[in-house]
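Before any comments, here is the structure.
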Amino acid sequence: MALTRNSAGNHRPTAHHADLLARGSEDLRNEDPALCFLLDREVSYQNDTLQLVAHASLAAPSVLSAAGSALANTTAEGYPGARYHPGATQFDDVERLAVERAKRVFGARYANVQPHSCSSANLTVLFALLSPGDTILSLDLDSGGHLTHGARASVTGRYFNVVHYGLDHEGYIDEDQVARLAREHRPRLVIVGASAYPRTPDYARFREISASVGAYLLADISHIAGLVAAGVHPSPIDWAHITTASTYKQLGGPRGGLILSGEDYERPGPDGMPLAKLMQRGVFPQSQGTPNPVGIAAKARALALVAQPEFTETARNIAANAAALAVALDKRGWPVLTGGTDNHMVLLDTYRRGITGAVAESALESCGILANKNRIPGDRKPALVTSGLRLGTNIAAQRGMREGDMEVCADLLDRVLGAVEPVGDRTYVLAPQDRAEIRERVAEVCRRFPTLYQDASFLV
Ligand code: DSN
């Protein structure tokens, strides 16, 4: 997008973002060594830890830089060209840039870049499209759904009548059940999307089911947004009426969310207002006040990187690595749900081998490996214990690992989980010599595959 000339005319900067950031880093180092130490330690922790989580990616230094910009001081409710505060000239252009980039990256006709998270984006969509008591049809939490899809613990479960679909005996979404429940309960909204589902939903079928009962279709692609953007996973943009995404899980962006729409963006919503306008109003003023300008600047930067061929290559490796990791773990006797994966995520039923998710997560973390405990279908353990473990390959691919390197990762996981001796659901014993030996091997892998933070000179 060509930047529009701002209202201050052809203003030449007299001060520079990069100088400000350098000065800030210097001041932090000199004036607040305690905080600086913690921040330094986090950089080295991220370098020296083998992150195999599904819910994160690494933001490039330039994304972090945009997130630390002077736009932090700008308060401007509303949208570009229609703000409720003065002084938003640059922010207007930054937000327009982020919107254009989001549309381009996802092939969308409409984008709103203001949601503070994908949870906020989902709440916005639900409250914009539905009235209290309306019926939602969504995947249940234990089958891999999300809190904001109508879980009992969420406000969405209190305000709406929620009906859940589940998985078949092989762990796949049971679309026939979705169709049957839709006929039976006549939902106003069907949600397709998950926090812990390793397979590809059939978006065309979901649209057909939604259309058959006159429901809207919301696709939540939080976890798989990078694969979708890179064309490594089918896109729901033109199947769903609305698509939501988070920007940090797989897009290498800041904490934040997006609301997108494809071919349906002008379709009338419940009160006749086009969906795009309904979403604009749904974000501001209905569910959020001031947008976060630095978050939006960082989204703009991350989306520019997502458009690069290097990102497509990383996305291909994310999916290939996950498939290879699933095979390597299965070979070592670890129960892989659905027997594999189509995306970045591998789910293990660790409890089938006597280890709760809580014990697995904690033992791995003590060895320098991150993966998170996760409830699995039919789980009888509470959410802070769980019977499963969720693994992801976003950061491994960003570190340059390839399919063949997943053997090493599977070996390390197997070594920890094979050595751990559970004592109840949350505690365990791991021999100090085992831990020390594994930690050394993890450190060696991390040195071999440095993160993009290894040379942290960008912090000045
Ligand atoms: N949605 C949560 C997850 O999938 O881990 C965190 O954002």
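Across the range 82-99, coupling constants 3J(HN,Hα) worked out from phi with the 6.51/-1.76/1.60 Karplus curve, θ = phi - 60°, read 9, 9, 9, 9, x, x, 10, 4, 5, 4, 3, 5, 5, 5, 4, 4, 4, 5 Hz, and Gly and Pro carry x. Debye sum, Cα scatterers, the range 381-425, no solvent: what log₁₀ I/I(0) at q = 0.13, 0.16, 0.27, 0.31 1/Å? Scattering profile of the range 381-425, log10 relative to I(0): -0.43, -0.61, -1.03, -1.14.
Fully extending the segment from Gln177 to Leu35 would add 45.9 nm, taking 0.36 nm per residue of separation and subtracting the current Cα-Cα distance. Where in the range 337-381 are there trypsin sites (Lys or Arg not before Pro) that are in a DSSP coil and have at most 12 other Cβ atoms within 10 angstrom of their Cβ? Sites meeting the loop and neighbour criteria: Arg380. As a fraction of the 1.4 Å probe accessible area of the chain, surface on carbon and sulfur atoms comes out at 50 percent.
Max-minus-min Cα coordinates of the range 324-460 on each principal axis give 48, 36, 29 Å, with the largest extent listed first. The slack between Tyr84 and Ser366, meaning 0.36 nm per residue of separation minus the straight C-alpha distance, is 96.6 nm.
The Rg/Rh ratio of the range 395-460, with Rg taken over Cα atoms and Rh as the Kirkwood radius over Cα pairs, comes to 1.09. The helix-only estimate of mean residue ellipticity at 222 nm for the chain, built from DSSP H runs of length n ≥ 4 each weighted as -39500 (n - 2.57), is -12500 deg cm²/dmol after division by the residue total. The alpha carbons of the chain occupy a box of 66, 65, 36 Å along the principal axes, longest dimension given first. Both radii are taken from the alpha-carbon atoms of the range 86-217; with Rh as the Kirkwood radius, Rg/Rh is 1.04.
Each listed q (0.12, 0.15, 0.16 Å⁻¹) maps to a log10 I(q)/I(0) for the range 136-282 from the Debye sum over equal C-alpha point scatterers, namely -0.47, -0.75, -0.87.
Computed from the alpha carbon atoms alone, the convex hull of the range 261-326 holds 164 Å³ per residue.
For the range 34-103, the direction-averaged projected area of the alpha-carbon convex hull comes to 7.1 nm². Evaluating 6.51 cos²θ - 1.76 cosθ + 1.60 at θ = phi - 60° for every residue in the range 196-206, the Karplus couplings come out as 8, 9, x, 10, 9, x, 8, 5, 4, 5, 4 Hz, glycine and proline recorded as x. Over the Cα atoms of the range 66-150, each weighted equally, I'd like the Debye log10 I(q)/I(0) at q = 0.21, 0.26 Å⁻¹, rounded to two decimals. These q points yield log10 I(q)/I(0) values of -1.09, -1.29. Residue by residue, the range 353-358 carries 3J(HN,Hα) couplings of 10, x, 10, 6, x, 5 Hz when phi is fed to the Karplus relation 6.51 cos²θ - 1.76 cosθ + 1.60 (θ = phi - 60°); x denotes Gly or Pro.
Centre-to-centre separation between the Cα atoms of the range 158-220 and those of the range 363-422: 29 Å.
When the C-alpha to C-alpha distance is required to be over 30 Å, the pairs from Lys299/Lys331; Lys299/Lys381; Lys103/Lys249 that qualify are Lys299/Lys331; Lys299/Lys381.
Taking 7 Å steps out from each Cα toward its Cβ at Glu170 and Thr75 produces label points 5.7 nm apart.
All C-alpha to C-alpha distances of the range 1-120, sorted into 5 Å bins beginning at zero, yield P(r) values of 2, 8, 12, 18, 18, 15, 14, 9, 4, 1 percent in whole numbers.
Less than 5 angstrom separates the built amide H of His146 from those of Ser195, all sequence-distant by 5 or more or on a different chain. Label zone of Arg316 (point 7 Å out along Cα→Cβ, amide N under 16 Å): in the range 323-362 this covers 323-324. Remark: the range 307-460 carries 42 Å² of accessible area per residue (probe radius 1.4 Å; ligands, DNA and RNA excluded).
Using a simple spin-label model with pseudo-atoms 7 Å out from Cα toward Cβ, Glu184 and Arg158 lie 2.8 nm apart.
The values are calculated or read from the model by the stated rules, or taken from the named source; none is laboratory data. Please read these numbers as outputs of a predicted model, since none were measured by experiment. Cβ: placed from backbone, ideal geometry, glycine included. Neighbour counts: every protein chain shown. Surface areas here come from the heavy atoms of the whole protein model, side chains and all, with no ligands, DNA or RNA. Shrake-Rupley method; radii C 1.70, N 1.55, O 1.52, S 1.80 Å.
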